[in-house]
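Asks: Have a look at this one before I ask anything.
The values are calculated or read from the model by the stated rules, or taken from the named source; none is laboratory data. Predicted, not measured: the structure shown is a model, and the values here were computed from it. Positions of Cβ are backbone-derived with ideal geometry, glycine not excepted, and every protein chain shown enters the neighbour counts. For the accessible areas, the whole protein counts, side chains as well, though only heavy atoms, and no ligand, DNA or RNA atoms are used. Shrake-Rupley method; radii C 1.70, N 1.55, O 1.52, S 1.80 Å.
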Amino acid sequence: MGRLVACCGAEAAIDAVRTETLPPDFITQETQDHYIPDPTQYRLADLNGQHLPDPTQPQLANPNGRHLPDATQHQLADPTRQHLPDPTQQHIADPTWRHIAADLTKRPPNDPSWQLRDNPTQRQTTDSGGQCGTTIPQQRISDSTQQHVTGLAQQLGTALTERRITELTQRLRAWRARLESADPAADLANGERSGARFIIPGSPEWPTQLDQLGPRRPLGLWLHGSADLRFSCLRSIAVVGARAATAYGVHVAAQFAVGFSDSGWTVVSGGAFGIDGAAHRGSLAADSPTVVVLACGVDVSYPTGHHELFAAARDQGVVVSECPPGVHPTRARFLIRNRLIAALSRGTVVVEAALRSGALNTAGHALSLQRHLAAVPGPITSTMSAGCHRLLRERKAVCVTSPEEVIDLVGSIGDDLAPQTRGPVVPRDTLSETTSRVLDAIPTRGAAGPASIAVAAGVSLDTALSALGGLAAAGYIERVAKGWRTRKTPPRTYVKADETAPPRQYASDLTDDDDLPPSPDDA
C-alpha cells in the first residue's frame with residue numbers, strides 16, 4: 001500500500017483501491033522491477049532433448065547428463081532422451097509454459113533451425129548405465145535457433161508481467177476490504193482521548209530522515225509522549241538485540257545506553273524484552289529521552305510486562321507507532337516497524353542477535369539506508385552472539401566495545417572522536433632510553449659492579465655511574481656487598497600490619513555501657 005501511495009498519492013491510491021483499478025504508472029513501476037529473463041542465458045541440451053529451462057530455478061543434472069528445469073520438482077526422461085514435464089507442477093500449468101513446451105517438442109530433430117556449428121571443445125556422453133560413451137564435439141546453437149529462443153523468452157517475460165499484475169489485483173481486493181472497515185475520524189478521536197497525536201510528512205515534528213525510505217516511508221506516525229520526535233532524533237542511536245538476552249547482553253545494552261545519554265545522544269529501540277528493554281532503562285536512568293517504536297497502537301502495552309517502562313518513556317521520551325490506537329501487534333508488523341528504528345537513527349548497534357532474529361532484519365534496513373552499523377562481540381560459545389559475529393565476519397558491521405567507539409562511528413568528524421586507548425602507564429615509562437638500558441643490565445639475582453653494568457648496557461662508565469645514582473634514588477635498585485641489584489618490591493595484595501602500632505578502636509569500643517538502654521533481662 002505504501003508503494004501505491006508513493007507512486008500516485010494518497011487520494012489517487014484510495015480511489016484505485018475502491019475501484020480495484022491499477023494506475024498505469026504503478027503497473028509500470030512494479031513490472032519493470034520484476035525479473036525479466038535474459039535470452040542469452042538459455043541453452044539447449046542436445047538434438048533429441050530440446051528443453052527450455054526455467055531461469056528462476058536452480059539447475060540439476062539428470063542421469064542422462066542434461067538439466068532438469070526445476071530443482072524442486074521431479075522430472076522424468078523417456079527412452080528418446082526427451083524431458084516429460086509433470087502436469088501437476090505450477091510452472092507447467094501456466095498457459096505460456098505449455099505453449100513453449102509444445103513448440104519445442106513438436107519440432108523434428110532435422111529442422112534446419114537446429115543446425116549446429118562445430119566447436120573444437122570436446123565433451124563426453126554418459127549412457128543410462130553410468131559408463132562413458134563416445135566423445136562428440138561440443139556445439140553451439142545457430143543464429144536462427146537463438147532468435148527463436150529470444151522470442152520464447154519475451155513470451156515468458158510477458159507471462160511473468162501478467163502474473164505480477166494478477167498479484168497486485170488480488171492485493172487491491174484485500175486493501176479494499178480493510179479500507180471499508182477503516183474509520184479515520186474515530187481513530188483521531190481515540191488518539192486525542194488517549195493523549196496521542198498524529199503527524200504527517202511536512203509537520204514540524206516530522207523527522208526528515210524518514211524520507212530516505214522512499215516508497216517505504218510511512219504515511220504518518222502516531223506519537224505519545226512529552227519529547228519532540230524530530231529534535232530527539234537529530235542525535236540518536238538505535239540499540240537492538242535478542243529478546244532472550246543473556247546477562248552479558250543486558251549489562252552491555254544498559255551500559256551503552258547510559259554512555260549515549262551522558263554524551264547527549266538519544267536511544268531508539270523497539271521496547272521488547274531483553275536488549276530493547278535494557279537500553280530504554282539505561283537511557284531513562286541517565287535522565288535522557290528515549291524513543292520507543294512499537295508494532296501496535298501507542299496506547300497498547302506490548303509486551304504487558306513493560307507497562308511501567310512505556311509509561312516512564314511517555315513521561316520522559318516519546319512512543320512511536322504507524323498503527324492507530326487500539327491496534328494489537330502481529331508478526332508481520334514487527335518486521336515492518338524495524339525499518340523505522342533504522343531510519344530514525346544515525347546508526348544501529350546490534351548487541352546480541354542469533355542467526356535468525358529481528359535484530360538482523362533491522363541491521364539489513366540500516367545497510368539498505370547506508371547508515372552506520374556496529375556489532376558488539378560476545379563469547380564464541382554463545383548462540384545469542386552468533387548473528388553479531390556473522391556481521392563482523394562478513395564485514396557488514398564495525399566492531400565496537402564501548403559507547404565512545406559508537407559515538408565516534410556515527411558522530412561528527414572531529415567533534416565526537418573516541419579517546420585513544422592505550423595500556424596502563426608504569427613508572428619505568430618515564431625513564432630515558434639510556435637509563436632504561438642501564439636498568440635492564442642490572443641483575444635481579446646476585447649483583448654486578450658498575451663496570452660490568454656499563455658493558456652490558458653499552459654505555460660508558462661515567463654514564464652508568466650517573467644512571468645508577470638516579471635509579472637508586474628513585475628506588476629501582478639497591479647496593480649490596482657485591483655491587484648493584486634490582487630492588488624487589490613487596491606485593492600490593494596484602495600489607496602486614498605494624499605490630500608496634502596501637503590496636504584500632506571502633507565506635508562500639510568507645511561507647512560507655514552506662515549510655516546503653518537497659519536490657520529486658522535486667523529489668
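Asks: Any idea which of (1) under 18 Å from Ala257 (Cβ atoms); (2) open to solvent by 10 Å² or more (accessible area, probe 1.4 Å); (3) in contact with a Ser or Thr (Cβ under 8 Å, 6 or more places away or on another chain) is the one Ala312 doesn't satisfy?
Replies: Just one mismatch for Ala312, condition (3).
Asks: Another question, then. With the requirement that a residue be open to solvent by less than 60 Å² (accessible area, probe 1.4 Å) and more than 33 Å from the chain's Cα centre (by Cα), what does the range 166-176 give you?
Replies: Thr169
For (1) in a loop (DSSP other than H, G, I, E, B); (2) under 30 Å from Leu355 (Cβ atoms); (3) in contact with a helix residue (DSSP H, G or I) (Cβ under 6 Å, 6 or more places away or on another chain); (4) open to solvent by 40 Å² or more (accessible area, probe 1.4 Å), each residue gets a yes or a no:
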| residue | (1), (2), (3), (4) |
| --- | --- |
| Leu373 | no, yes, yes, no |
| Thr401 | yes, yes, no, yes |
| Leu417 | yes, no, yes, yes |
| Thr434 | no, no, no, yes |
| Arg437 | no, no, yes, yes |
| Thr444 | yes, no, no, yes |
| Ala464 | no, no, yes, no |
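Asks: Now, a different point. Go through the range 265-281 and give me each residue that's part of a helix (DSSP H, G or I), closer than 14 Å to Ser301 by Cβ and small (Gly, Ala, Ser).
Replies: The answer is Gly277, and nothing else.
Asks: Being among the hydroxyl-bearing types (Ser, Thr, Tyr), farther than 21 Å from Glu205 by Cα and touching a residue at least 12 places away in the same chain (Cβ under 8 Å), is that true of even one residue in the range 278-296?
Replies: Yes, the range 278-296 contains at least one residue that is among the hydroxyl-bearing types (Ser, Thr, Tyr), farther than 21 Å from Glu205 by Cα and touching a residue at least 12 places away in the same chain (Cβ under 8 Å).
Asks: Could you please let me know if Ile413 is more than 26 Å from Gly264 (Cβ to Cβ) and hydrophobic (A, V, I, L, M, F, W, C)?
Replies: Against the criterion (more than 26 Å from Gly264 (Cβ to Cβ) and hydrophobic (A, V, I, L, M, F, W, C)), Ile413 does not qualify.
Asks: I need every pair where a residue in the range 366-378 that is closer than 20 Å to Asp211 by Cβ and without any contact (Cβ under 8 Å) to a residue 60 or more places away in the chain has its Cβ under 6 Å from the Cβ of a residue that is outside any loop (DSSP other than H, G, I, E, B) and open to solvent by 40 Å² or more (accessible area, probe 1.4 Å), sequence separation at least 6 or different chains.
Replies: His372/Leu409
Asks: Give me a count of the residues in the range 446-462 that are more than 21 Å from Lys488 (Cα to Cα), part of a loop (DSSP other than H, G, I, E, B) and open to solvent by 40 Å² or more (accessible area, probe 1.4 Å).
Replies: 2
Asks: In this structure, does Thr493 turn out to be in a loop (DSSP other than H, G, I, E, B), exposed (fewer than 15 other Cβ atoms within 10 Å of the Cβ) and modelled with pLDDT of 85 or more?
Replies: Taking the combined requirement at face value, the residue does not satisfy it.
Asks: Something else: Go through the range 187-216 and count every residue that is part of a helix (DSSP H, G or I) and at pLDDT 85 or above.
Replies: Residues of the range 187-216 part of a helix (DSSP H, G or I): 187-194, 208-216.
Narrowing further to those that are at pLDDT 85 or above: 187-194, 208-214, 216.
Adding up the residues that qualify gives 16.
Asks: Can you name the number of the only condition in (1) out of contact with any strand residue (DSSP E or B) (no Cβ under 8 Å at 6 or more places or on another chain); (2) closer than 19 Å to Val319 by Cβ; (3) not in a helix (DSSP H, G or I) that Ala245 fails?
Replies: (2)
Asks: Quick one: would you say Ser181 is of a type in the set (Gly, Ala, Ser), out of contact with any Lys or Arg (no Cβ under 8 Å at 6 or more places or on another chain) and open to solvent by 80 Å² or more (accessible area, probe 1.4 Å)?
Replies: For Ser181, the condition - of a type in the set (Gly, Ala, Ser), out of contact with any Lys or Arg (no Cβ under 8 Å at 6 or more places or on another chain) and open to solvent by 80 Å² or more (accessible area, probe 1.4 Å) - is met.
Asks: Moving to a separate point now. Restricting attention to the range 196-213, does a residue exist that is touching a Gly at 6+ places or on another chain (Cβ under 6 Å), more than 22 Å from Gly305 (Cα to Cα) and open to solvent by 20 Å² or more (accessible area, probe 1.4 Å)?
Replies: yes
Asks: Only residues in the range 474-485 that are within 10 Å of Leu439 (Cα to Cα) count as the first member; pair them with residues that are of a type in the set (D, E, K, R), Cβ under 7 angstrom, at least 6 apart or cross-chain, and list the lot.
Replies: Hits for this filter: Tyr476/Arg487; Ile477/Arg485; Ile477/Arg487; Arg485/Glu478.
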